[in-house]
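What follows is a single structure, written as structure tokens, with notes after it.
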Amino acid sequence: MAETFDVIVIGAGVHGASTAFHLAERGAKVLVLERAAAASGATGRSSGLVRMHYDLAAESALAWRSYDYFINWEARVGGDCGFTRTGFVRIVPPRQEANLKANVADQQAIGIRTSIIAAADVKQLAPMLATDDFNIAAYEPDSGYADPTSVCNTLLAAARRLGATYRGSTPVEAVEVNRGRVVGVRTANGRIAAPNIVLAAGAWSGPLAKSAGVEIDIKAWHHDTGFISRPSQTPTSLPTVIDDINELYFRPEGPGLALVGLEDGNRIDDRPGDDARSDPAFVEHMVDRLTRRVPDYVQAGFQGAHGGTDGITPDQRAVMGRHGPDGLVFQTGMSGTGFKIAPAVGLAISEVVLDGAAHSVDIAMFDPGRFAAGKPLRGDHPYGDLWR
Ligand SMILES: Cc1cc2nc3c(=O)[nH]c(=O)nc-3n(C[C@H](O)[C@H](O)[C@H](O)COP(=O)(O)OP(=O)(O)OC[C@H]3O[C@@H](n4cnc5c(N)ncnc54)[C@H](O)[C@@H]3O)c2cc1C
């Protein structure tokens with residue numbers, strides 16, 4: 001093999017870019033190989049929500065550690081990540097109130113600024129929202145959204161400034177293994193050697209894992225998002241909202257638009273593909289759901305919709321850490337919620353590669369072996385699957 005690196009990262013989405021950045025910061029000789037272009041997968045389509053509310057404290061902890069990057073992006077990484085603070089509201093049906101309270105208490109224990117507020121307080125914060133079908137919500141005043149493409153590109157640029165090598169339009173065909181350990185990858189241009197391979201290929205990860213002899217159930221999750229122009233009579237300060245009653249989320253997009261996604265109707269299959277078209281039925285469902293929560297938006301103008309694809313696992317949680325042949329590290333299966341945790345996960349994976357285990361944040365429970373061991377993850381105070 002002509003070329004040798006310490007680590008090859010497969011995939012230049014936000015996760016591969018984050019790991020390359022953290023590895024390069026520590027002086028590792030890193031190569032990032034990307035099938036198409038940076039942020040051309042899930043990352044470039046992501047809605048970019050940055051919030052800490054999960055039903056699993058370990059995920060909240062990853063989001064919280066990452067939040068510190070988002071608000072200090074220029075100093076920590078360089079460039080602009082587009083973080084916009086809007087406040088975040090999580091609305092749940094009355095039957096989930098006990099779980100909401102328990103999850104907020106867990107998050108407060110981590111240090112996250114979050115609280116339970118009454119429906120009347122939600123109305124005060126955001127008068128355009130209908131609040132007659134729930135009693136309480138979780139509220140994070142500091143959360144909002146960021147620009148996933150900028151996040152990915154600035155991480156990759158910083159990695160390259162620190163010495164990492166990036167090659168786009170270079171699909172990895174197989175991970176090569178010899179005597180139980182990875183030795184490199186095969187591409188159309190030849191073989192490249194490395195004793196460590198980070199698999200960060202999103203929805204495309206399954207066949208690459210298989211080439212290294214690892215069977216892992218990572219499917220393609222297809223998710224559509226729509227953009228509407230906010231009606232001019234409605235105050236512009238729309239918060240970021242996840243509304244489990246209407247299986248809906250939305251947030252402002254710049255000064256005049258709102259971005260909307262649905263928790264249901266997300267196709268799951270084995271075909272990641274590159275098709276960015278949305279399902280024709282999506283727009284009708286989106287308008288119906290959105291106007292239940294924001295009745296004024298019946299006046300909103302439709303601007304467009306597109307689809308994206310992320311890797312999803314059977315328990316809808318990421319797979320992270322060593323698994324299979326020595327030197328193979330998984331950072332994939334982000335299951336539609338991986339953008340906001342990418343800074344902390346990249347840090348953790350760099351520690352797995354260089355130090356043998358993550359020590360800054362805990363990713364042990366995301367072990368890819370949990371499915372074979374019959375131990376899928378479940379929320380601490382579960383709301384059930386986010387996606388249907
Ligand atoms: C529409 C949509 C909305 C979302 N909204 C949110 C949100 O609001 N908040 C949130 O936290 N998360 C959200 N997510 C999830 C989040 O965007 C993803 O979890 C995250 O971007 C995944 O990053 P990744 O780097 O793992 O994967 P990707 O961004 O998919 O990157 C994988 C990369 O690997 C490359 N690749 C594939 N095969 C190969 C190969 N053989 N060789 C080389 N390269 C290869 C691909 O081209 C791709 O660039 C959303 C996702 C989608 C699709």
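Of all the residues that make up the stretch 71-98, how many are of a type in the set (A, V, I, L, M, F, W, C) and in contact with a strand residue (DSSP E or B) (Cβ under 6 Å, 6 or more places away or on another chain)? Within the stretch 71-98, residues that are of a type in the set (A, V, I, L, M, F, W, C) and in contact with a strand residue (DSSP E or B) (Cβ under 6 Å, 6 or more places away or on another chain) number 3.
Within the stretch 41-55, the set of residues being within 14 Å of the ligand (Cβ to nearest atom) and either part of a strand (DSSP E or B) or over 14 Å from the mean Cα position of the chain (by Cα) (or both) comprises Leu49, Val50.
Look through the stretch 122-141, keep the residues that are of a type in the set (Asp, Glu) and surrounded by fewer than 17 Cβ atoms within 10 Å (Cβ to Cβ), and return whichever of them is farthest from Ile8 (Cα to Cα). Give the derivation first.
The initial filter retains those residues of the stretch 122-141 that are of a type in the set (Asp, Glu), namely 132-133, 140.
In the following step, the residues that additionally are surrounded by fewer than 17 Cβ atoms within 10 Å (Cβ to Cβ) were identified as 132-133.
Values: Asp132: 52, Asp133: 50 Å.
For the stretch 122-141, the residue satisfying everything is Asp132.
Please enumerate the residues belonging to the stretch 72-92 that are closer than 26 Å to Asp243 by Cβ, in contact with a helix residue (DSSP H, G or I) (Cβ under 9 Å, 6 or more places away or on another chain) and of a type in the set (Lys, Arg). If the condition is that a residue be closer than 26 Å to Asp243 by Cβ, in contact with a helix residue (DSSP H, G or I) (Cβ under 9 Å, 6 or more places away or on another chain) and of a type in the set (Lys, Arg), then Arg90 is the only one that fits. Taking the criterion of being within 14 Å of the ligand (Cβ to nearest atom), assigned to a loop (DSSP other than H, G, I, E, B) and farther than 26 Å from Leu259 by Cα, the residues of the stretch 1-35 that qualify are Gly11, Glu34, Arg35.
Kindly establish whether Ala258 is within 14 Å of the ligand (Cβ to nearest atom), part of a strand (DSSP E or B) and closer than 30 Å to Pro325 by Cβ.
In short, no.
In the set (1) within 29 Å of Val353 (Cα to Cα); (2) in contact with a helix residue (DSSP H, G or I) (Cβ under 7 Å, 6 or more places away or on another chain); (3) assigned to a loop (DSSP other than H, G, I, E, B), the condition left unmet by Gly213 is number (2).
Of the candidates Ala157, Ala188, Ala194, Ala174, the single residue that is buried (at least 23 other Cβ atoms within 10 Å of the Cβ) and either more than 10 Å from the ligand (Cβ to nearest atom) or without any contact (Cβ under 8 Å) to a residue 60 or more places away in the chain (or both) is Ala194. Taken over the stretch 285-333, the criterion of being assigned to a strand (DSSP E or B), of a type outside the set (Val, Ile, Thr) and surrounded by 17 or more Cβ atoms within 10 Å (Cβ to Cβ) is satisfied by Ala305, Gly307, Gly308, Asp310, Gly311, Met320, Gly321, Arg322, Leu328, Phe330, Gln331. Within the stretch 212-244, the residues that satisfy the criterion of being under 25 Å from Gln316 (Cβ atoms) and among the small types (Gly, Ala, Ser) are Ala212, Ala220, Gly226.
Count of the stretch 354-385 residues, restricted to those that are assigned to a helix (DSSP H, G or I) and more than 16 Å from the ligand (Cβ to nearest atom), is 6. Checking each residue in the stretch 213-243 for being more than 20 Å from Phe302 (Cα to Cα), in contact (Cβ under 8 Å) with a residue 12 or more places away in the chain and surrounded by fewer than 19 Cβ atoms within 10 Å (Cβ to Cβ) picks out Gly213, Asp217. Scan the stretch 251-271 and report the pairs whose first residue is under 22 Å from Gly311 (Cβ atoms) and whose second residue is among the small types (Gly, Ala, Ser) and not in a loop (DSSP other than H, G, I, E, B), with Cβ atoms within less than 6 Å and a gap of 6+ or a chain change. That search, which allows pairs on different chains as well, returns Asp269/Ala220; Arg271/Ala220.
Residue pairs whose Cβ atoms lie under 7 Å apart, sitting 6 or more positions apart in sequence or on different chains, and linking a residue in the stretch 45-59 that is of a type in the set (Ser, Thr, Tyr) to a partner that is more than 10 Å from the ligand (Cβ to nearest atom), are Tyr54/Ser60.
Could you check, for the stretch 85-106, whether at least one of its residues is among the charged types (D, E, K, R), buried (at least 21 other Cβ atoms within 10 Å of the Cβ) and at pLDDT 95 or above? If you could, list the steps in order and put the result at the bottom.
Kept after step one, since they are among the charged types (D, E, K, R), are these residues of the stretch 85-106: 85, 90, 95, 97, 101, 106.
Those still in the list that are buried (at least 21 other Cβ atoms within 10 Å of the Cβ) too: 90.
Among the residues that remain, those that are also at pLDDT 95 or above are: 90.
Yes, the conditions are met somewhere in the stretch 85-106.
The residues listed here are Ser150, Ser169; of these, the one that is assigned to a loop (DSSP other than H, G, I, E, B) and of a type in the set (Ser, Thr, Tyr) is Ser169.
The set of residues from the stretch 120-144 being of a type in the set (Ser, Thr, Tyr) and either closer than 19 Å to Pro295 by Cβ or not in a loop (DSSP other than H, G, I, E, B) (or both) comprises Thr131, Tyr139. If only residues of the stretch 161-171 that are buried (at least 19 other Cβ atoms within 10 Å of the Cβ) and within 14 Å of the ligand (Cβ to nearest atom) are counted, the one that is nearest to the chain's Cα centre (by Cα) is Tyr166.
Scanning the stretch 1-58 for residues that are touching an Asp or Glu at 6+ places or on another chain (Cβ under 6 Å), buried (at least 24 other Cβ atoms within 10 Å of the Cβ) and farther than 30 Å from Asn99 by Cα returns a single hit, Ala12. Do we find that Ala75 is in a helix (DSSP H, G or I) and either buried (at least 20 other Cβ atoms within 10 Å of the Cβ) or hydrophobic (A, V, I, L, M, F, W, C) (or both) in this structure? So Ala75 passes the test.
The values are calculated or read from the model by the stated rules, or taken from the named source; none is laboratory data. Bear in mind the structure is a predicted one, so any value in this text is a computation, not a measurement. We place every Cβ from the backbone using ideal geometry, glycine too, and count neighbours over all the protein chains shown.
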